[in-house]
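Here the structure comes first, spelled out in structure tokens, and everything after it is commentary.
Values quoted throughout were computed directly from the atomic coordinates according to the rules given, and no laboratory measurement underlies them. Please read these numbers as outputs of a predicted model, since none were measured by experiment. Note that each Cβ is placed from the backbone with ideal geometry, even for glycine, and that neighbours are counted across all protein chains shown.
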Amino acid sequence: MSDSRQPLLKVRDLKVTFGKGRHEVSAVAGVSFDIYPGETLGLVGESGCGKSTTGKALMRIIEPSSGSIELEGSSLIGRKGKALRNFRTHMQMIFQDPISSLNPRRRVKDIVAEPLDCWKTVSGNERDVLVSDLLSKVGIDPKVYGNRYARQFSGGQCQRISIARSLAMRPKLLICDEMVSALDVSVQAQILNLLEDLKSEYGLTLLFIAHDLAVVKNVSDRVAVMYLGKICEIGPSDALYEAPAHPYTKFLLGAALEADPDSPMHNQVLEGEPPSPLNPPSGCRFRTRCPNATDKCASEEPQPQELAEGHFVSCHYPLTIQKK
Amino acid sequence: MSDAVHELLVVKDLSTTFTTMGGPLPAVSDVSFTLARNETIGIVGESGSGKTVLSRTIMGLQPRTNVTVTGSVLLNGNEMVGATESFKRALWGTEVAMVFQDPMTSLNPVMRVGKQIDESLRVRLGMSKQDAKTRAIELLELVGIPSPAQRYMAYPGQLSGGMRQRVVIAIALAGSPKLLMADEPTTGLDVTIQAQILNLLDDLKDRLKMSVVLVTHDLGVVATRTSRIVVMYAGRIVEIGSTRDVFSRHRMPYTRALLDSSPKVSNASHTRLVAIPGRPPNLLQLSAGCSFAPRCSFATDKCHKERPELQAADEPGHAFACWNPLPTTMEQQS
């Protein structure tokens, strides 16, 4: 990328495969991207495209089969035991299901204090003050709710507690995997606003994984679109939504439903379903559903090309160029 | 509206109350609306607003114990409230059918999908085995499943989520129902598949002259596919009207808040969302006033003490329940 800033996270050719032999599935088939300090990178795609696997592989919750992951220049691959655990304190993850990601039998203040207790960074009074502070930051009154159990909270509140817990170690990077998709719209808006506030307050860098295009656009500076284990387009969110260059991005945006009766009925619906990653198509992975596909798409895999600054697309016939 | 013959579905003062350990839980209270033939109505609300209980009560699918249903549901002239199981069973499938949210749990995982469609044809319509199979394959084709004869033999686990939902729709259509209840039919499906399924439902509605009740939490789903919308909050209808009126001439602050709090693709990145503070009320501890009052920025003392009833707005068929309604477009201009 032409950006002169140093990326916080640098991912190159990340691959994750499951199974062996003829059951081998490449869930993530070579993904490269950078995340710069203080920005939010949105990662969108349909289910099965490998977006969650990418998020988990970055934390090495799922072991990547090849590729490199570097946080501030130091590699995460190859670290073991304490070195790996130590490294992970810089990266935290928030999961989709807020209720099952908290232990129902523990008190809220203990859940939030868990990372601090593990690493013994602070103790005693200082620890309690820090926990109370974190809980107030996410809008949970520590005096009233601190001693309650996680099971006594609603989904939105549990997600707030998850956020407080993830912030306890002052991470540099926060990976949010579908963190608002289980919430009602009114609560979802609260959590998204909270995330934006905390991001500026703590100077966080975010990888925001979600399937909802409107949600991703709302929080992201840049957006990467994944299809069948590969990134097909990545670029600044406004530019990418305004003028999608990859046919898949265009279809995906066309299928997004706007809460507006005057929005045009989308006649161009993408037909069919994603092919099985067990046996991905040759060349471009989208060619089986792409209306513009030619022989070249079947024989040659498109490489990322830069259309505008920071806007890359992997397509032989990008849409925006055709218009010119 | 009083002419029940022209309306396929007439719901009047319908209330469903569950008896729980914590006391009576009014899941649905005083709901009235009508649905014309070949019309699609959307029921919108957050979780716990009573939209699913309402659709199940209309079907007559409430549990047998610990539930009190009052009011009336006239489905093509048949009263569903208080009807016997055998009476309701005769209507299920042929008069009304339901498509549930989760296509995996509503199909039997160890039964071939073809057999699951056959079952309905043979039991409801008394078809022979061979006729049922022919018809089932026709239905699979109707819902857009490629190579239906092969898919007839497939198990649900061999199909994707979108295909399973198509099978569920095929089962629902087997008895040629006049009313199709679709409870969150596309939640959990990907956006491109969601668009396919919604287009399919739209297309089938016109081809088979059905009426559709589309229950969803997603305003985007109902925006372009319904003629009228019911907005529910804490078990009550808070606004009802034509889709256009509800979206652009809403009077109830909750409807406005719901629209404002959903992120939009057309907005620029980092647009601040207008969140609704607090969360939906506990139905066991409802106040005497408006249920939305604690979260409403326009609430006054009256809102907390006295419950507003639905009152007619300027547009025909448009009604809202609010003491301090948002100004109409006319009032805004003046």
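Which pairs in the list A:Lys250/B:Lys133; B:Lys264/B:Lys305; A:Lys15/A:Lys80; A:Lys296/B:Lys264 are over 28 Å apart, alpha-carbon to alpha-carbon?
On the way: A:Lys250/B:Lys133 40 Å; B:Lys264/B:Lys305 35 Å; A:Lys15/A:Lys80 19 Å; A:Lys296/B:Lys264 36 Å.
As for pairs spanning more than 28 Å Cα to Cα, those are A:Lys250/B:Lys133; B:Lys264/B:Lys305; A:Lys296/B:Lys264.
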**Whole-Å distance, taken between Cα centres, linking region A:277-324 and region A:137-200** = 39 Å
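Rounded, prolate or oblate: which fits region A:1-88, taking a ≥ b ≥ c as square roots of the Cα gyration tensor eigenvalues, rounded meaning a/c under 1.5, else prolate when a/b beats b/c?
On the way: a/c = 2.04, a/b = 1.29, b/c = 1.58.
Oblate, since a/c reaches 1.5 and b/c is not below a/b.
If you stretched the chain out fully between B:Asp13 and B:Ala36, how much longer would it get, using 0.36 nm times the residue separation minus the C-alpha to C-alpha distance? Don't jump to the answer; show the numbers that get you there.
On the way: separation 23, 0.36 × 23 = 8.28 nm, distance 1.79 nm.
Gain on stretching B:Asp13 to B:Ala36: 6.5 nm.
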**Request:** Provide, for q = 0.10, 0.19 Å⁻¹, the log10 of I(q)/I(0) from a solvent-free Debye sum over equal Cα point scatterers in region A:118-208.
**Result:** -0.26, -0.95
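How big is D for chain A, in µm² s⁻¹ as a whole number, if Stokes-Einstein is applied with the Kirkwood radius of its Cα pairs at 25 °C and 0.890 mPa s?
Working: Rh = 21.0 Å.
My calculation gives 117 µm²/s for D.
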**Two-decimal log10 I(q)/I(0) for region B:212-262, as the Debye equation yields it once each C-alpha is a single scatterer, q = 0.20, 0.27, 0.30 Å⁻¹** = -0.63, -1.23, -1.51
**Request:** If a/c stays under 1.5 just call it rounded; otherwise compare a/b with b/c (prolate if a/b is bigger, oblate if not). Do that for region B:13-120, with a ≥ b ≥ c from the square roots of the Cα gyration tensor eigenvalues.
**Result:** prolate
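About the Cα centre of region B:202-261, what is the dipole size in debye to 20, counting +1 per Lys and Arg Cβ and -1 per Asp and Glu Cβ, all else neutral? Show your work: numbers first, answer last.
Details: 10 positive and 7 negative charges, 43 e Å.
So the magnitude is around 200 debye.
Counting every Cα pair in region A:102-170, what percent are over 21 Å apart?
Numbers: 296 of 2346 pairs.
In whole percent, the long-distance tail amounts to 13.
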**Message:** Quick check for me: using +1 on Lys/Arg Cβ and -1 on Asp/Glu Cβ, what's the dipole size of region A:102-170 about its Cα centre, in debye to the nearest 20?
**Reply:** 220 debye
**Prompt:** What whole number of Å gives the distance from the Cα centroid of region B:307-333 to the Cα centroid of region B:232-286?
**Reply:** 15 Å
**Prompt:** With each label point set 7 Å from Cα along the Cα-Cβ vector, what nm distance links A:Asp238 and B:Ala312?
**Reply:** 4.8 nm
**Request:** Work out the charge dipole of region B:101-176 with +1 on the Cβ of Lys and Arg and -1 on the Cβ of Asp and Glu about the Cα centre, then indicate which of B:Gln130, B:Gly161, B:Leu140 is farthest towards its positive end.
**Result:** B:Gln130
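For a Förster distance of 30 Å, can you work out the FRET efficiency between the beta-carbons of B:Met21 and B:Ser287, rounded to the nearest 0.05?
Numbers: r = 21 Å, r/R0 = 0.70.
The formula returns an efficiency of 0.90 here.
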**Complete:** GNM on chain A, Cα springs under 10 Å; top mean-square fluctuation among A:Ser47, A:Ser132, A:Ser299 goes to A:Ser299
**Request:** Using Cα centres only, tell me the gap between region B:118-169 and region A:40-94 in whole Å.
**Result:** 43 Å
**Prompt:** Which aspartates and glutamates have a Cα less than 16 Å from the Cα of A:Lys217, not counting those fewer than 8 places away in the same chain?
**Reply:** A:Glu39, A:Glu46, A:Asp177, A:Glu178, A:Glu196, A:Glu233, A:Asp238, A:Glu242, A:Glu258, B:Asp260
**Prompt:** Reported to two decimal places, what Rg/Rh ratio describes region B:211-334 when computed on Cα atoms with Rh from the Kirkwood expression?
**Reply:** 0.96
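For every helix of n ≥ 4 consecutive DSSP H residues, a contribution of -39,500 (n - 2.57) applies; sum these over the protein assembly as shown, divide by its total residues, and give [θ] at 222 nm rounded to the nearest 500 deg cm²/dmol. Kindly include the intermediate steps, with their values, before the conclusion.
Values: 24 runs with 218 residues, N = 658.
It lands at -9500 deg cm²/dmol.
Pairs of alpha-carbon atoms within less than 8 angstrom and 6+ residues apart define the contacts here; what relative contact order does region B:101-176 have, in percent?
Result for region B:101-176 is 45 percent.
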**Request:** Select from A:Ile62, A:Ile231, A:Ile163 the residue whose mean-square fluctuation is largest in a Gaussian network model of chain A (Cα-Cα springs shorter than 10 Å).
**Result:** A:Ile62
**Message:** Can you give me the distance in nm between label points at A:Lys296 and A:Leu84, each placed 7 Å from the Cα along the Cα-to-Cβ direction?
**Reply:** 4.4 nm
**Semi-axis lengths, Å, chain B, gyration tensor of Cα atoms, sqrt of 5 times eigenvalues** = 36, 23, 19
**Signed unit charges on C-beta, dipole axis of region B:175-334, positive-most listed residue B:Leu258, B:Leu214, B:Pro325** = B:Pro325
**Message:** Give the lysines whose C-alpha is closer than 21 Å to that of B:Lys209, dropping any in the same chain fewer than 8 places away, or say none.
**Reply:** B:Lys178
**Message:** With an 8 Å Cα cut-off and a minimum separation of 6 or more residues, compute the relative contact order for region B:128-216 in percent.
**Reply:** 29 percent
**Fill in**
Of all C-alpha pairs within the protein assembly as shown, those more than 46 angstrom apart amount in percent to 22 percent
**Item:** All aspartates and glutamates inside 15 Å of B:Lys88 as judged from Cα atoms, apart from same-chain residues fewer than 8 positions distant
**Value:** B:Glu79
**Request:** State, as an integer percentage, the relative contact order of region B:205-287 based on alpha-carbon contacts under 8 Å between residues 6 or more apart.
**Result:** 17 percent
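Quick one: length gained pulling A:Ser282 to A:Tyr202 fully straight, 0.36 nm per residue minus the C-alpha distance? Intermediate results must be reported in sequence, preceding the final value.
Numbers: separation 80, 0.36 × 80 = 28.80 nm, distance 4.43 nm.
So the chain would gain 24.4 nm between A:Ser282 and A:Tyr202.
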**Request:** Take peptide B:177-190, look around each residue's Cβ out to 10 angstrom, count Cβ atoms belonging to other protein chains, and average those counts.
**Result:** 1
**Prompt:** So, in nm, how far is label B:Ser86 from label B:Met330 when the simple model puts each one 7 Å beyond its Cα toward the Cβ?
**Reply:** 5.6 nm
**Asked** Rg and Dmax of region B:162-271, using alpha carbons, in Å: what are they?
**Response** 15.3, 49
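Dipole of the protein assembly as shown, Cα-centred, from +1 at each Lys and Arg C-beta and -1 at each Asp and Glu C-beta, to the nearest 20 debye? It would help to have the intermediate numbers written out before the result.
On the way: 74 positive and 69 negative charges, 400 e Å.
That gives a dipole near 1920 debye.
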**Complete:** Note on the protein assembly as shown, DSSP bridge orientation, antiparallel percent to nearest 5 equals 60 percent
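With only alpha-carbon pairs counted, each pair once and no self-pairs, how large is the Kirkwood hydrodynamic radius of region A:43-173 in angstroms? Mind showing how you got there, number by number?
Details: mean 1/r = 0.0623 Å⁻¹.
After inverting the pairwise mean of 1/r, the radius is 16.1 Å.
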**Message:** Please report the projected area of region A:238-311's Cα convex hull averaged over all directions, in nm².
**Reply:** 6.4 nm²
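Kirkwood Rh over Cα pairs of region B:161-222 into Stokes-Einstein at 10 °C, 1.306 mPa s: D in µm²/s? Mind dumping the intermediate values first?
On the way: Rh = 11.8 Å.
My calculation gives 134 µm²/s for D.
Assuming R0 = 45 Å, what is the FRET efficiency of A:Glu126 and A:Gln6, from their Cβ-Cβ distance, to the nearest 0.05?
Values: r = 33 Å, r/R0 = 0.73.
Using R0 = 45 Å, I get an efficiency of 0.85.
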**Request:** Using only the Cα atoms of region B:97-241, each taken as one equal point scatterer with no solvent, compute I(q) by the Debye sum, divide by I(0), and report log10 of the ratio at q = 0.11, 0.16, 0.19 Å⁻¹.
**Result:** -0.41, -0.83, -1.12
**Request:** For region B:101-176, compute Rh as the Kirkwood radius over C-alpha pairs and then the Stokes-Einstein diffusion coefficient at 25 °C and 0.890 mPa s; write the answer in µm²/s, rounded to an integer.
**Result:** 206 µm²/s
**Asked** Build a GNM of chain A with springs between Cα atoms under 10 Å: which of A:Gly19, A:Gly67, A:Gly42 gets the top mean-square fluctuation?
**Response** A:Gly19
